[in-house]
Amino acid sequence: AKIADIRDEAELSAAFDEAHAFSEKVILERKITGDTFKLVVANRQLVAIVNTSTAAAETRDVTSEAHSSVVENALRVAAAEDVGVLVLSFVSSDISRPHTETRAAFVDLDLAPELDAFLPWDSPLLATIATEFIAWLFPPGSPSRIPLIAVTGTNGKTTTCRMTRFILEQADYTPGLACSEGAFTTGEKTISTGDVSGISGAYPLLADPEIDCAVLETARGGILKHGFPFDHCDVAVCLNVTADHLNECGIDTLEQMAAVKRSILMRSNDAVVLNADDPLCLGMLPLPNAERICLVSTERSIQDLRTLPSAGDCFALVEQEDGTDHVVFYDGGHRLPIAPVRDIPATFGGRARYNLSNAMHACAACYLAKVDSGALKLGLERFEMNYENTPGRLNFRTDLPFRVLLDYAHNPDGISRICSFIDQLNVEGRKIVALSAAGYNPIDIIRGNAAALAGHFDSYICYNFGRNIKMQWDHVPGALRETLLSCGVAESNVSVTGSGLDAIETMLNQAAEGDLVVMLSGHSDRQEIWQRISTFE
């Protein structure tokens with residue numbers, strides 16, 4: 001029973017009798033009148049006293065008005081609990097007087113307070129409390145950070161992140177990874193799955209005590225929608241800037257996209273790795289915050305690279321060594337050969353030039369993170385493009401009478417790069433491809449996917465990504481078909497089907513000995529598609 005406003009002995013006796021009818025145990029509490037104050041203690045210090053009573057005109061900080069006894073009692077409780085942040089609720093008719101005079105009292109203690117329940121989102125007190133909480137977690141002088149490598153770009157981010165992580169493992173680090181496939185710690189222990197290339201992946205990953213460094217895929221979408229997952233990183237990498245995700249989040253041009261990606265590089269205090277073969281990447285120079293800049297190129301000579309404005313003195317490029325192409329680093333006056341290109345499985349004998357570029361960016365990032373050349377070489381020579389290492393990126397099945405390739409190329413630049421690779425393969429039979437495009441992109445980019453493929457294959461199947469179907473972007477397959485026809489592909493060589501699973505089923509059943517089947521898959525149904533490829537008899 002709850003009985004309020006007991007004013008004299010008679011009312012007390014009556015209340016006791018009423019309560020005793022329900023239970024032998026009766027708890028008597030004194031009613032406290034006055035305003036409610038929240039005393040916030042962080043890092044063993046009183047940060048604020050806030051009047052949250054509805055009687056107050058508005059929530060306000062009254063720390064300077066509080067009597068010393070109120071503060072002393074709050075700090076005594078905080079010392080006993082010793083947590084990062086706690087909130088005590090104090091009811092008093094006059095907080096400037098001792099509680100013994102006003103019959104005030106502490107009525108609640110919250111060790112996991114929801115601060116935004118009584119502080120507005122823009123209150124400067126929230127920043128102060130957060131600062132003190134971090135100081136409690138990591139007292140001055142204690143280790144509080146791990147090395148971070150952030151990777152951005154339009155194409156190749158996830159592959160480069162996985163390569164970077166693999167190289168770090170060869171150097172006996174325990175790296176974590178957050179990317180568009182999920183967040184992972186040691187031994188492929190999974191923290192989360194799906195696209196977590198932003199705050200949603202970085203925060204839980206960096207809270208894991210098992211890792212001693214982290215590789216973070218840092219996509220433009222996460223930054224524009226949720227902000228940066230770190231205040232600064234040790235090494236930042238930008239692979240390229242090409243047409244994709246335009247007309248989203250206020251980004252309508254490649255120059256605007258480049259500016260977003262440059263903002264990631266500006267958060268690196270130590271080193272930046274840039275693709276010197278991409279004009280928009282070179283346009284990000286100078287980068288005054290970074291102590292070192294490494295320019296990466298699969299096309300330029302060392303003489304060319306050294307003449308570039310704001311080039312610095314660190315370069316990664318391809319040079320002849322003993323009659324064969326080698327990945328070579330220049331650092332100041334030193335030349336350091338790393339590995340022959342033919343010994344890097346991810347390049348498929350040097351034919352996948354864009355993947356050579358990814359590998360070199362990963363290698364350069366680890367080099368600037370102080371990884372020794374032996375681990376760099378091991379990492380490049382041991383990393384393979386299979387579904388376990390890089391799901392949906394250059395994944396082959398070769399034990400059938402025909403070959404099957406699964407890849408994620410999904411914009412004109414990415415498709416042009418994989419076509420250049422496929423053109424170098426020896427294919428005895430037909431080349432069959434299934435293609436789609438992201439429906440959120442402008443129609444020119446959607447058509448660009450088909451135009452990039454036209455002329456490289458014998459048969460084309462236009463289908464719709466799973467997300468397109470969900471969003472009812474039904475225009476994509478038709479636009480792809482029309483573009484292929486306008487590029488000179490014979491109508492008999494172009495067909496339209498529904499989903500990616502429909503497309504792979506059609507190709508697997510049509511393929512003959514010596515053919516090459518290429519599935520340019522979306523993200524949402526990739527696992528099902530690979531399962532079908534893997535189990536096809």
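The values are calculated or read from the model by the stated rules, or taken from the named source; none is laboratory data. Predicted model only: the values in this text are computed from it and were never measured. So basically every Cβ, Gly included, is an ideal-geometry build from the backbone, and we count neighbours across all protein chains shown. Remember, those area values only see protein heavy atoms, side chains included, never the ligands or the DNA or RNA. Shrake-Rupley method; radii C 1.70, N 1.55, O 1.52, S 1.80 Å.
Structure data summary
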read-out: Set 459, 420: member being open to solvent by less than 60 Å² (accessible area, probe 1.4 Å), polar (S, T, N, Q) and modelled with pLDDT of 95 or more; value: 459
read-out: Contacts under 7 angstrom Cβ, first residue in segment 97-110 being surrounded by 15 or more Cβ atoms within 10 Å (Cβ to Cβ) and at pLDDT below 90, partner assigned to a strand (DSSP E or B) and not β-branched (Val, Ile, Thr), 6 or more apart; value: 99/92; 99/105; 102/92
read-out: Index of the failed condition, residue 398 passing every other in (1) open to solvent by less than 50 Å² (accessible area, probe 1.4 Å); (2) closer than 16 Å to residue 507 by Cα; (3) free of Cβ contacts under 8 Å to residues at least 60 places away in the same chain; value: (1)
read-out: Within segment 292-309, tally of residues that are over 15 Å from residue 364 (Cβ atoms) and open to solvent by 60 Å² or more (accessible area, probe 1.4 Å); value: 6
read-out: Every residue from segment 235-268 that is assigned to a strand (DSSP E or B) and either polar (S, T, N, Q) or surrounded by 16 or more Cβ atoms within 10 Å (Cβ to Cβ) (or both); value: 235, 236, 237, 238, 251, 268
read-out: Checking residue 363 against (1) under 16 Å from residue 165 (Cβ atoms); (2) out of contact with any Leu (no Cβ under 6 Å at 6 or more places or on another chain), the condition it does not meet; value: (2)
read-out: Helices (runs of 4 or more DSSP H) enclosed by segment 440-537 - at least 2 residues per element that are over 28 Å from residue 247 (Cα atoms); value: 500-510, 526-535
read-out: Conditions (1) without any contact (Cβ under 8 Å) to a residue 60 or more places away in the chain; (2) surrounded by fewer than 24 Cβ atoms within 10 Å (Cβ to Cβ): number failed by residue 158; value: (1)
read-out: Of all residues in segment 187-206 being open to solvent by 50 Å² or more (accessible area, probe 1.4 Å) and closer than 23 Å to residue 170 by Cα, the one that is modelled with the highest pLDDT; value: 206
read-out: Residue in segment 207-234 that is least open to solvent (accessible area, probe 1.4 Å), counting only those that are within 19 Å of residue 138 (Cα to Cα) and of a type in the set (Asp, Glu); value: 208
read-out: Residue match in segment 62-74 (condition: surrounded by 15 or more Cβ atoms within 10 Å (Cβ to Cβ), assigned to a helix (DSSP H, G or I) and within 42 Å of the chain's Cα centre (by Cα)); value: yes
read-out: Matching residues in segment 269-280 - criterion: being open to solvent by 50 Å² or more (accessible area, probe 1.4 Å) and assigned to a helix (DSSP H, G or I); value: 279
read-out: Filtered residues of segment 423-439 (kept if touching a residue at least 40 places away in the same chain (Cβ under 8 Å), assigned to a loop (DSSP other than H, G, I, E, B) and surrounded by fewer than 22 Cβ atoms within 10 Å (Cβ to Cβ)); value: 424, 425, 427, 428, 429, 430, 438
read-out: Of residues in segment 467-485 being within 21 Å of residue 525 (Cα to Cα) and polar (S, T, N, Q), the one farthest from the chain's Cα centre (by Cα); value: 472
read-out: Test for residue 478: is it open to solvent by 20 Å² or more (accessible area, probe 1.4 Å) and touching a residue at least 12 places away in the same chain (Cβ under 8 Å); value: yes
read-out: Residue in segment 351-368 that is over 23 Å from residue 149 (Cβ atoms), in contact (Cβ under 8 Å) with a residue 60 or more places away in the chain, open to solvent by 10 Å² or more (accessible area, probe 1.4 Å) and in a loop (DSSP other than H, G, I, E, B) present; value: yes
